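Peer 1: One structure is given below, represented as structure tokens, and several questions about it will come after.
The values are calculated or read from the model by the stated rules, or taken from the named source; none is laboratory data. This one's a predicted model, so the numbers in the text were calculated from it and none came from an experiment. Cβ coordinates were reconstructed from backbone atoms using ideal geometry, including for glycine residues, and neighbour counts include every protein chain displayed.
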Amino acid sequence: MLSLFFLTIGLPEVTTLININHNLERVPTVVAFVESMTPTGKGNYTINLKDPTATIGASLHYKVKQHQQYGEDIVVRCVLILKQVIFVV
């Protein structure tokens with residue numbers, strides 16, 4: 001079983017995945033584990049994000065994955081801290 005422990009010092013309030021209203025809601029901070037990544041064929045990725053409450057699907061733009069500073073660190077089993085995230089149905 002996956003256990004995640006969040007150290008949120010210096011972060012705004014973290015929104016758990018289960019509490020997101022998937023209707024164009026913008027949330028200040030999401031902390032999630034990358035459970036899987038599948039290339040779409042156009043350089044982008046479909047990813048599954050997981051936290052202790054839920055799993056959701058998301059898209060990762062190819063420019064994020066190619067970013068010189070952190071792109072190669074975004075892999076399966078990494079943890080992402082995402083700010084100002086918009087969720088759409």
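Peer 1: Filter region 41-52 down to the residues that are over 10 Å from the mean Cα position of the chain (by Cα) and within 19 Å of ILE86 (Cβ to Cβ) and list them by number.
Peer 2: ASN44, TYR45, THR46
Peer 1: May I ask you to list the residues in region 41-83 that are modelled with pLDDT under 95, touching a strand residue (DSSP E or B) at 6+ places or on another chain (Cβ under 7 Å) and at positive phi?
Peer 2: The answer is none; no residue qualifies.
Peer 1: Can you name every residue in region 25-40 that is more than 20 Å from GLU72 (Cβ to Cβ) and either modelled with pLDDT of 75 or more or more than 16 Å from the chain's Cα centre (by Cα) (or both)?
Peer 2: ARG26, VAL27, PRO28, THR29, VAL30, VAL31
Peer 1: Looking at (1) among the small types (Gly, Ala, Ser); (2) closer than 16 Å to LEU82 by Cα; (3) not in a strand (DSSP E or B), which one does SER59 not meet, given that it meets all the others?
Peer 2: The number of the failed condition is (3).
Peer 1: Within region 55-73, identify whether any single residue is surrounded by 13 or more Cβ atoms within 10 Å (Cβ to Cβ), closer than 23 Å to THR16 by Cα, in contact with a Lys or Arg (Cβ under 8 Å, 6 or more places away or on another chain) and of a type in the set (Phe, Trp, Tyr), and answer yes or no.
Peer 2: No, region 55-73 has no match at all.
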